[in-house]
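Below is one structure, written out as structure tokens; comments come after it.
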Amino acid sequence: MGWGFRRLVSSLVIVNKEISQTSGMLYPRESETREVRSLDGIWNFVKSDESNPTQGVREKWYKDDLGKVRDTIPMPVPASYNDITTEHAIRDHVGTVWYDRKFFVPRSWEKDQRVWLRFGSVHYEAFVWINGEMIIKHEMGHLPFEAEVTNALKYGEENRITVLCDNALIQTTVPQGKITEVAKDGGVAIVQTYSFDFFNYAGIHRSVHLYTTPKTFIEEVEVTTDLKANNNVGCIYYKAKTNGTTSNEATDEMYLNVVLRNRDGNIVAKDTTKSDLKGVIEISKVHPWWPYLMHPEPGYLYQLEIFLHTANNTLLDVYRLKVGVRTLSWNNTSFMINGRPVYFRGFGRHEDSDIRGKGLDYALLTRDFNLIKWIGANSYRTSHYPYSEESMQFADEHGIMIIDECPSVDTENYNQALLDKHKSAMEQLIHRDRNHPSVVMWSIANEPRTGQFHADSYFQFVANYTKSLDSTRPVTAAIAVPHTDDKAAKHLDIISFNRYNGWYSNAGKIDMITQRVIEEATAWNKKHNKPVIMSEYGADTVEGLHLLPSYVWSEDYQTELFSKHFKAFDILRKQSWFIGEFIWNFADFKTAQTVTRVGGNKKGVFTRSRQPKAAAHLVRKRYFALGREMDQCNFPEDLFTYITDASSPRSGKRDETDL
């Protein structure tokens, strides 16, 4: 009883602890001083027994080939493992799985350089061994991690990498879940449950790289930008951090030569730093980074080339990254980029597709951005976790604004361990994405239970910590509780709210949408005097189902429901504080098996195979109309289907030639 009471009391006391900071983690890029090799491909795969998840660790499976202790199957990397096979046991597996593969490292890598192993993402927890030696442990899906492996490799020989992946979610993971034991025919089943509405895909989701650096190298680069002289002059403020193999190497006198090239590859500016390795580049006649449809040249990127030299001018390292020059500002009524007000029109999305699950897929990524631009969206939220680094690069290049969300979804049962991990998730996310011009806002949670008593202090800690890491972007969260119950929104810069009028509330009642949206958005603004975004609304829609009059689940109903929301948004837009509309969802996606989900969540305007439903064409007309109204963009030639020439009516009999 005493122990239980102490546990209860400790769970009610939440303090603001220091969080360890991420170092390094630059995206792997080849240069004059660096090589990059991919370990993507087919790996060997073994599923642990659910009732004995630590068996492989106890028996040291990592000391030899997995095939010598269990029968293995081939498994692609990157990919979720769940939908690759035809087995229920793999799709629905709870607990640990093992991967391994062999690879060669050239002899040339042994001399005068260091070697690093980097994972783009493993969900949820990962343990990594090289040649039987533990290299790194990382907890948190959707975010990268790396370790130096210089001394663990055999050069000019074959090496083995082994990965243990654990997908179990509990009340102190981000996101949260619960694991229970449930009786089944012939025994007991380990069952993972969670409240969030997407499938808990697991595995090595993003690319695995080996890369080299010099012994002393550029470890971090941080960039911020500014515009002045009526957006005609741009400033890039940069600073670098170095790492050396001995304690004094990275503190010896060094300097940077920095070169900036424009989109055509021409040098437009240069700079040389002192030993503090920081400086500013000024660009006359700058090309600012603009969102899609706000400018004829959206997503303009410069290339920043950084050359690290010793004091005696010896070149040590070279690293390059793309930079977009833009400014962000916000107040209690608006959000602005480069001094111009922004109206967000976009989607909540998921990294989700058939077979590969959440695995990185360049074909799918390219298709998605083609569809985003086709439909006229200028933004999306990375619901409900960080998306791949490659997708962030695509967003930079295409001028798509990102509300960058951490993996906290349906957060509840607030406790100290959860807070520490939540803050760590934000720290890792900001460290990874801080240099992306497309990232215009941080989202610290989706639909947290902010009516609970401890939500106030909990989200005050998370929001303030996020602002301390990056003061150049506003902080938001997608809130689903009523404004009268919420305790978190007062800590945010911009209010985002999710509400499903006409679906979860008053399903089928098309005439109970418009006024309710107006009233709720107005109430949020009146309470907090901050800009407001509707971050989710929508209706599940079965592809090809048409019913007249419209009926829930039909394409006709989705179209009418959107139209009623559009009317509310246009009324709200007259109030300057309403700054955006995000449909849920971009495309259909998989969820856990329930009787309310026929093959997953069907709220997409595109199918899971990325084909448009009827509502996609309506949304396209609206989004381009908004772009035309606000930013004078041009209409696509195929936006409107020809019907008739109504400008020159003829008298007399009409026939099919009039159409």
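The values are calculated or read from the model by the stated rules, or taken from the named source; none is laboratory data. No experiment lies behind these values; they were computed from the predicted model shown. Backbone-built Cβ (ideal geometry, glycine too); neighbour counts: all protein chains shown. These accessible areas exclude ligands, DNA and RNA; they are computed on the full protein's heavy atoms, side chains included. Shrake-Rupley method; radii C 1.70, N 1.55, O 1.52, S 1.80 Å.
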Problem set entry | Unique match (being surrounded by fewer than 18 Cβ atoms within 10 Å (Cβ to Cβ), outside any strand (DSSP E or B), of a type in the set (Gly, Ala, Ser) and at pLDDT below 95) among GLY508, GLY599 | GLY599
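For segment 87-110, name all the residues that are part of a loop (DSSP other than H, G, I, E, B) and either touching a residue at least 24 places away in the same chain (Cβ under 8 Å) or basic (Lys, Arg) (or both). Reasoning before the result, please.
Keep residues of segment 87-110 that are part of a loop (DSSP other than H, G, I, E, B), which gives 87, 92-95, 105-106.
Matches in segment 87-110: HIS93, VAL94, GLY95, VAL105, PRO106.
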Problem set entry | Residues that are out of contact with any Asp or Glu (no Cβ under 8 Å at 6 or more places or on another chain) and under 22 Å from LEU365 (Cβ atoms), drawn from segment 589-610 | VAL605
Problem set entry | Restricting segment 478-499 to residues that are surrounded by fewer than 23 Cβ atoms within 10 Å (Cβ to Cβ) and touching a residue at least 60 places away in the same chain (Cβ under 8 Å), the residue that is farthest from HIS565 (Cα to Cα) | ASP493
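Yes or no: segment 443-450 includes at least one residue that is among the charged types (D, E, K, R) and touching a strand residue (DSSP E or B) at 6+ places or on another chain (Cβ under 9 Å). Lay out the reasoning, then the answer.
As a first pass, look at segment 443-450 and keep what is among the charged types (D, E, K, R): 447, 449.
From what's left, touching a strand residue (DSSP E or B) at 6+ places or on another chain (Cβ under 9 Å): 447.
Yes, there is a match, as at least one residue in segment 443-450 is among the charged types (D, E, K, R) and touching a strand residue (DSSP E or B) at 6+ places or on another chain (Cβ under 9 Å).
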Problem set entry | Filter result (in contact with a strand residue (DSSP E or B) (Cβ under 8 Å, 6 or more places away or on another chain) and either hydroxyl-bearing (Ser, Thr, Tyr) or farther than 18 Å from PRO448 by Cα (or both)) within segment 488-509 | SER496, TYR500
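Sort through PHE569, PHE582 and tell me the only one that's more than 23 Å from the chain's Cα centre (by Cα) and either closer than 19 Å to PHE347 by Cβ or modelled with pLDDT of 95 or more (or both).
On the way: PHE582 fails: more than 23 Å from the chain's Cα centre (by Cα).
It is PHE569.
Mind listing just one residue for me: the one in segment 602-615 that is surrounded by 21 or more Cβ atoms within 10 Å (Cβ to Cβ) and within 10 Å of GLN558 (Cβ to Cβ) and, of those, nearest to the chain's Cα centre (by Cα)?
Just the residues of segment 602-615 that are surrounded by 21 or more Cβ atoms within 10 Å (Cβ to Cβ), to begin with: 602-606, 613, 615.
Now narrow it down to the ones that are within 10 Å of GLN558 (Cβ to Cβ): 602-605, 613, 615.
On the way: LYS602: 21, LYS603: 19, GLY604: 18, VAL605: 20, LYS613: 25, ALA615: 25 Å.
Across segment 602-615, the extreme among qualifying residues is GLY604.
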For this session: Identify all residues within segment 312-328 that are part of a strand (DSSP E or B), among the charged types (D, E, K, R) and either open to solvent by 10 Å² or more (accessible area, probe 1.4 Å) or free of Cβ contacts under 8 Å to residues at least 12 places away in the same chain (or both); write none if there are none.
Result: ARG320, LYS322
Problem set entry | Subset of segment 439-463 [free of Cβ contacts under 8 Å to residues at least 40 places away in the same chain and part of a helix (DSSP H, G or I)] | ASP456, PHE459, GLN460, ALA463
Exercise. Considering only residues of segment 576-587 that are open to solvent by less than 10 Å² (accessible area, probe 1.4 Å) and assigned to a loop (DSSP other than H, G, I, E, B), which is farthest from LYS530 (Cα to Cα)?
Worked result: PHE586
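A quick yes/no check of all residues on (1) at pLDDT below 95; (2) open to solvent by 10 Å² or more (accessible area, probe 1.4 Å):
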| residue | (1), (2) |
| --- | --- |
| VAL163 | no, no |
| GLN192 | yes, yes |
| PRO214 | no, yes |
| GLY234 | no, no |
For this session: Enumerate the pairs (first residue in segment 50-64 and open to solvent by 60 Å² or more (accessible area, probe 1.4 Å); second residue anywhere and among the aromatic types (Phe, Trp, Tyr) and part of a loop (DSSP other than H, G, I, E, B)) with beta-carbon separation below 6 Å, excluding pairs fewer than 6 apart on the same chain, so at least 6 apart or on different chains.
Result: none
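Let's see how each residue does on (1) in contact with a helix residue (DSSP H, G or I) (Cβ under 6 Å, 6 or more places away or on another chain); (2) over 20 Å from PRO298 (Cα atoms); (3) free of Cβ contacts under 8 Å to residues at least 12 places away in the same chain; (4) of a type in the set (Val, Ile, Thr):
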| position | (1), (2), (3), (4) |
| --- | --- |
| ASN370 | no, no, yes, no |
| TYR380 | no, no, no, no |
| GLN393 | no, no, no, no |
| HIS398 | yes, no, no, no |
| ILE402 | yes, no, no, yes |
| PRO407 | yes, yes, no, no |
| ASN413 | no, yes, no, no |
Seminar exercise, completed: Of the residues in segment 242-297 that are modelled with pLDDT under 95 and β-branched (Val, Ile, Thr), the one that is most open to solvent (accessible area, probe 1.4 Å) is THR251
